[in-house]
Amino acid sequence: MNFTEVMEALQKASGFELYRLRAAIDLTLDDPKWMLAIRRELRIGQKVEYFDEKENRLCTGQVLELRQKGVVLLRMDTAQRWLMPYASINLGGLDAVIREKPAQGLSRQEVAIGDVVGFHDREQRQRNGRIIRLNDKTVTLISDNQQWRVSYALLHRVVEGDATTIAGEVLSR
């Protein structure tokens, strides 16, 4: 079963089935054999990609310390230190983008911080903005030097030729 098929199956599952599945996954990931297998591949100073679930995207970090249940990483773009679970490290170079099709708009899994998206404001004017935060039901984005909170259902992808400027930054010509 590929990732898309798994996502489709998850959409059909009940809340109880999802809860049981999460419990089983947590138990599996807490098994020391998984942590040791990943830990054996890591070295202090090594640059790695890891999945940041809050931003829903891969980030780059440098291994600072190997602990019993996690790895201390220096995030390359922010210079912040993070203790991440070993399972978040993308040693296989896998695609981290979750592609599911909601009924309309975009889902939380389809966007990441830094993405440029479009929406129509209350006056039905087309606006484009860069996402700065993912919330439970909305994204926070910057458009024309203004901060907006927009529901995922109202967002759409922006084709590169459609984007002009956001917060004074030229995106394309």
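The values are calculated or read from the model by the stated rules, or taken from the named source; none is laboratory data. Being a predicted model, the structure only gives us computed values, none of them experimental. Ideal geometry is used to build each Cβ from the backbone, glycine not excepted, and the neighbour counts take in all protein chains shown.
Kindly indicate the residue of region 108-135 that is of a type in the set (S, T, N, Q) and more than 11 Å from the chain's Cα centre (by Cα) and also nearest to Q11 (Cα to Cα) among those meeting that condition.
Residues of region 108-135 of a type in the set (S, T, N, Q): 109, 124, 126, 128, 135.
Restricting the remaining residues to those that are more than 11 Å from the chain's Cα centre (by Cα) gives 124, 126, 128, 135.
Working: Q124: 31, Q126: 31, N128: 29, N135: 20 Å.
Step by step, filter region 108-135, then rank; the result is N135.
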Scanning region 1-39 for residues that are polar (S, T, N, Q) and part of a loop (DSSP other than H, G, I, E, B) gives N2, S14
Only residues that are of a type in the set (V, I, T) and in contact with a strand residue (DSSP E or B) (Cβ under 9 Å, 6 or more places away or on another chain): list them for region 4-42, please. I38
Scanning region 131-153 for residues that are crowded, with 19+ Cβ neighbours inside 10 Å and either out of contact with any Pro (no Cβ under 8 Å at 6 or more places or on another chain) or of a type in the set (D, E) (or both) gives I131, L134, V139, L141, S143, V150
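Here are some residues: E49, E17, E55. Which one is at pLDDT below 90 and of a type outside the set (A, V, I, L, M)?
Working: E49 fails: at pLDDT below 90; E17 fails: at pLDDT below 90.
Every option except E55 fails the conditions.
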I'd like to know if region 40-47 contains one or more residues that are part of a loop (DSSP other than H, G, I, E, B), surrounded by fewer than 16 Cβ atoms within 10 Å (Cβ to Cβ), of a type in the set (D, E) and touching a Leu at 6+ places or on another chain (Cβ under 9 Å). yes
